[in-house]
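Some notes on the structure that comes next.
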């Protein structure tokens, strides 16, 4: 039978035509035999004169109905209707020919013929389809579809036409659907899943519940996790409505489903307050957060959207995506792609002034903790001096709103990356305090799912490779948030800023990284092993030790003074800050030490700053390691002791501004461009 299905399309149509001619003759002959109960009619030539007319007419009707365009293996209800209509037309032809030529064919024969032709012409095709599908089932993965709604039904139809999966049963929570048959598949309650796996050899569970909340999806995944079968899912409703995905796209379970937190719909008045009709610029526009900020900003119809990015490839990719997105939504928003470093103040000021930028989202930063720990000078120059350059350019260009994207690693940092982000916050706080024309704010949050440095893609790759999964510490925990939710909250927080605000996002409950890895392994149909020596489990989870500068637990607040805002997931914190003159002295000294590559001096300055920096080991910068091993003395002179007024309370007073926005940028602030 397999060679038949493999024939060219034209040859298969010819075979169908010949077969239908034979089936029409057989059906007519049997109809006469059943009516007359003898073969005496076979010797009467007048009886057979009906066939030269009926056969061509019947075949012509079949062709007009598209009967021969239908692929037998994919025959559906539409094909059944075509068979029925064609057979009825053929029987009607028999009636007309018999009447016109007064042939010796009994009047009941056309009715008997119609029933026989329906059984033969239609039945042969459906028998071939059943044979094909039965053969395919041996090579398909048996699956259970969780969710008997519209999405589940559409998924079952698609799976049957595909080459990979065979739906064996529906699972649904609705009691009124239990024991019903949908698309020929029986619906069972969730409690039956273990029995179905054992009795029918189920190899996979497919979630077809796109409209379910994340909390509900997490409950279902928790129940499915011990069953030792892979669990996959169709896309969420938002992706299907937006056209980004189809119901037939089967994906791995999204990690946000494991976390189970549903996003709060954004407040439209806050989303558009600093965006709609304004010229907006995003630094680091090609990064994980920066690119999502651009997507969210575009939908608020700004007057113009400027993308600043140092990576040519990342900039090109986000520019093309935004242009296509604007066209798809019918938005006439000009998107300008600008190559440049955030350390190049002159470039930034020219861009902001010439384009008339009104709102800036500063997302450009080095965020990978070990990477910055090994490249201290570049991390500080980019994260601290880059923020200073952007902030000063914003003031000089009369930008209305400046929002710094910060991190929870800025709270009591144990690494240079966190220290640099806390210093960046202090820069914005100090500049926000000493001038009135640009409104500064900072938004602090934890890890985002799917970012370039996220553990989730790493874990997926390690599971696909058969393990092991590497986790730094058994007890390490992190806060997680989806990138779209984080970007929306950043925008809304910026709209509520009064000047110098530090906003903290509600990240939900912290997650143990080892438990997250174990969940991902189980939902892949495998069993995790947390101890390589126990001989159990399919995927080992091994602990490699904390990396340089890494903390077990992250925090979001430095002090206890926190206030709720009008958004339930955005809080504002009042924290220690430095007045601009003292901040400037600290930055001058820090930049001077960076230019001399004086790593001990850099560490001393970070320790003296009001950022609660508490390194947990020796300096691990790669350049310092070479310098130290070669026993080369540093070129630094004795660093002056900074006397910083750390007791000065945080305040938003604007009575005595001390920042001169009109001054020319000094050499040390111009950066490298």
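The values are calculated or read from the model by the stated rules, or taken from the named source; none is laboratory data. Being a predicted model, the structure only gives us computed values, none of them experimental. Cβ: placed from backbone, ideal geometry, glycine included. Neighbour counts: every protein chain shown.
If the condition is being over 21 Å from residue 358 (Cβ atoms) and at pLDDT below 90, then region 258-287 contributes 258, 259, 260, 261, 262, 263, 264, 265.
Looking only at region 136-146, decide whether some residue is modelled with pLDDT of 85 or more and part of a helix (DSSP H, G or I). Checking region 136-146: not a single residue is modelled with pLDDT of 85 or more and part of a helix (DSSP H, G or I). You will find that of 603, 585, the residue that is outside any loop (DSSP other than H, G, I, E, B), out of contact with any helix residue (DSSP H, G or I) (no Cβ under 9 Å at 6 or more places or on another chain) and surrounded by 15 or more Cβ atoms within 10 Å (Cβ to Cβ) is 585 and no other.
Take residue 436 and tell me if it is within 22 Å of residue 336 (Cβ to Cβ) and in a loop (DSSP other than H, G, I, E, B). Give the steps one after another, and end with the answer.
Working: within 22 Å of residue 336 (Cβ to Cβ): no; in a loop (DSSP other than H, G, I, E, B): yes.
Taking the combined requirement at face value, the residue does not satisfy it.
Go over the candidates 293, 305, 338 one by one and state the one that is at pLDDT 95 or above, in contact with a strand residue (DSSP E or B) (Cβ under 7 Å, 6 or more places away or on another chain), surrounded by 20 or more Cβ atoms within 10 Å (Cβ to Cβ) and in a strand (DSSP E or B).
Numbers: 293 fails: in a strand (DSSP E or B); 338 fails: surrounded by 20 or more Cβ atoms within 10 Å (Cβ to Cβ).
It is 305.
Taking the stated definitions as given, is residue 368 touching a residue at least 12 places away in the same chain (Cβ under 8 Å), within 27 Å of the chain's Cα centre (by Cα) and surrounded by fewer than 24 Cβ atoms within 10 Å (Cβ to Cβ)? Answer is yes for this residue. Looking for something at pLDDT 90 or above, surrounded by 14 or more Cβ atoms within 10 Å (Cβ to Cβ) and out of contact with any helix residue (DSSP H, G or I) (no Cβ under 7 Å at 6 or more places or on another chain) - is there at least one such residue anywhere in region 164-173? The answer is yes, given that some residue of region 164-173 is at pLDDT 90 or above, surrounded by 14 or more Cβ atoms within 10 Å (Cβ to Cβ) and out of contact with any helix residue (DSSP H, G or I) (no Cβ under 7 Å at 6 or more places or on another chain). Taking region 25-74 as the range and being more than 21 Å from residue 123 (Cβ to Cβ), at pLDDT 80 or above and under 58 Å from the mean Cα position of the chain (by Cα) as the test, the residues that pass are 56, 57, 60. Please enumerate the residues belonging to region 194-216 that are touching a strand residue (DSSP E or B) at 6+ places or on another chain (Cβ under 6 Å) and assigned to a helix (DSSP H, G or I). Selection gives 196, 200. On inspection, residue 344 fails the criterion of being over 25 Å from residue 448 (Cα atoms) and modelled with pLDDT under 95. Set side by side, the residues 502, 490, 521 differ, and just one is touching a helix residue (DSSP H, G or I) at 6+ places or on another chain (Cβ under 8 Å), crowded, with 22+ Cβ neighbours inside 10 Å, in contact (Cβ under 8 Å) with a residue 40 or more places away in the chain and not assigned by TED's automatic domain parsing to the domain that holds residue 426, which is 521. Here the condition is being outside the structural domain of residue 427 (by TED's automatic domain parsing), buried (at least 16 other Cβ atoms within 10 Å of the Cβ) and either modelled with pLDDT under 80 or part of a loop (DSSP other than H, G, I, E, B) (or both); of 545, 549, it holds for 549 alone.
Filter region 308-324 down to residues that are in contact with a helix residue (DSSP H, G or I) (Cβ under 6 Å, 6 or more places away or on another chain) and in a helix (DSSP H, G or I) and give me whichever is surrounded by the most Cβ atoms within 10 Å (Cβ to Cβ). Steps first, please.
We begin by selecting, within region 308-324, every residue in contact with a helix residue (DSSP H, G or I) (Cβ under 6 Å, 6 or more places away or on another chain); these are 309, 318, 322.
Okay, now just the ones that are also in a helix (DSSP H, G or I), so 318, 322.
Details: 318: 24, 322: 22.
In this case the residue turns out to be 318.
Looking across region 346-363 at every residue that is out of contact with any helix residue (DSSP H, G or I) (no Cβ under 6 Å at 6 or more places or on another chain) and surrounded by 19 or more Cβ atoms within 10 Å (Cβ to Cβ), the one that is nearest to residue 622 (Cα to Cα) is identified as 347. Of the strands (runs of 3 or more DSSP E) lying entirely inside region 445-540, the ones with 1 or more residues being under 18 Å from the mean Cα position of the chain (by Cα) are found at 447-449, 480-482.
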